[in-house]
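Worksheet: the structure to be examined is printed underneath.
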Amino acid sequence: MTLVQWIKAQWNQFHRKSQRPEEVTGLSPEDNEASTVEAFSSQQCVICQAQVHALDKYFDMLFYEMVNDFELRQIIRQAWGFCPRHVTQLATYGDPLGGSIIVYDVLSHLCDMSFPYAKPEKCPACVVEDEVIQRYTPLVIQRVRTGDEHIALCWSHFKHLVIRSDISRDVRQKLWTLEQERWKAWLDPVHKAAQADYLHPQDRDTLLVWRQVLAYWSDSAVSQESSSAPPALDSLRERPHTS
């Protein structure tokens, strides 16, 4: 059984066990229409939002429902634990008992290996994020085809979608054209800022636009409506990347 197959099977089981089903959302956006509508109406990247939501549910399930599940622990062992980014997120759950069980399991597995004859499997949390991308991509394509011009995507997820050969050229062209509008709005102020010097400095808002571009490239997505607005000074720290 692959990790994706296991996740789907266990997620359905988790749904059935939940005492408050209205608060539990599976990996599929179709399972919760209200959550999907909220994601697409937000100013943040729709895929990043879905990944954050799915990972929250995954780690909740891991700590409170499935920490002793043999198949899941085997998957985590074969991955040698989680990647650095998801270890940081896992640590925020603050469950020393569940966390210790997972850590001990992985360390025991590594100590039993005489030599790493096979490379580790992909981080299980990264697989969850990949599953979200696969499930949300058709929704993004549908919104683009129906003329939605306000789909927010972070830089990484935009690049991922726009170069996929399994997505029609027409859809990728529309995605590219929509992002170009954002880039064009930045082009003139960034050029002006680049021409400034210490004797003839540009105004503060113009100089801050380059920080907005850096925030965009660091996956701090902004809405299409506010694409030309200057960012806050701490814009690069507004939201860590989740994919």
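Inside the range 122-161, can you point out the residues that are outside any helix (DSSP H, G or I), out of contact with any Cys (no Cβ under 8 Å at 6 or more places or on another chain) and within 28 Å of residue 61 (Cβ to Cβ)? Give the steps one after another, and end with the answer.
Looking only at the range 122-161, we keep the residues that are outside any helix (DSSP H, G or I), and these are 122-123, 146-154.
Those still in the list that are out of contact with any Cys (no Cβ under 8 Å at 6 or more places or on another chain) too: 122, 146-151.
Within the range 122-161, just 122 meets the criteria.
Can you tell me which of 46, 37, 52 is modelled with pLDDT under 55, closer than 30 Å to residue 182 by Cβ and out of contact with any strand residue (DSSP E or B) (no Cβ under 7 Å at 6 or more places or on another chain)? Before the answer, list the steps.
Working: 46 fails: modelled with pLDDT under 55; 52 fails: modelled with pLDDT under 55.
Sole residue among the options that is modelled with pLDDT under 55, closer than 30 Å to residue 182 by Cβ and out of contact with any strand residue (DSSP E or B) (no Cβ under 7 Å at 6 or more places or on another chain): 37.
When you go through (1) assigned to a helix (DSSP H, G or I); (2) open to solvent by less than 70 Å² (accessible area, probe 1.4 Å); (3) modelled with pLDDT of 90 or more one by one for residue 164, which number turns out not to apply?
If we test residue 164 against (1) assigned to a helix (DSSP H, G or I); (2) open to solvent by less than 70 Å² (accessible area, probe 1.4 Å); (3) modelled with pLDDT of 90 or more, just (1) comes out false.
Is it the case, given these coordinates, that residue 178 is touching a residue at least 24 places away in the same chain (Cβ under 8 Å) and either under 30 Å from residue 86 (Cα atoms) or not in a helix (DSSP H, G or I) (or both)?
Numbers: touching a residue at least 24 places away in the same chain (Cβ under 8 Å): yes; either under 30 Å from residue 86 (Cα atoms) or not in a helix (DSSP H, G or I) (or both): no.
When the stated conditions are applied, residue 178 does not pass them.
Within the range 60-113, count every residue that is open to solvent by less than 60 Å² (accessible area, probe 1.4 Å), β-branched (Val, Ile, Thr) and under 15 Å from residue 128 (Cβ atoms).
2
Kindly list the number of the only condition in (1) more than 15 Å from the chain's Cα centre (by Cα); (2) of a type in the set (D, E, K, R); (3) under 17 Å from residue 50 (Cα atoms) that fails for residue 131.
That leaves (1) as the condition not met.
The values are calculated or read from the model by the stated rules, or taken from the named source; none is laboratory data. Nothing here was measured: the structure is a model prediction, and the numbers come from that model. When we count neighbours, we look across all protein chains shown, and the Cβ atoms used for this are built from the backbone with ideal geometry, even at glycine. To get the accessible areas, we keep the full protein, side chains included, count just its heavy atoms, and leave off ligands, DNA and RNA. Shrake-Rupley method; radii C 1.70, N 1.55, O 1.52, S 1.80 Å.
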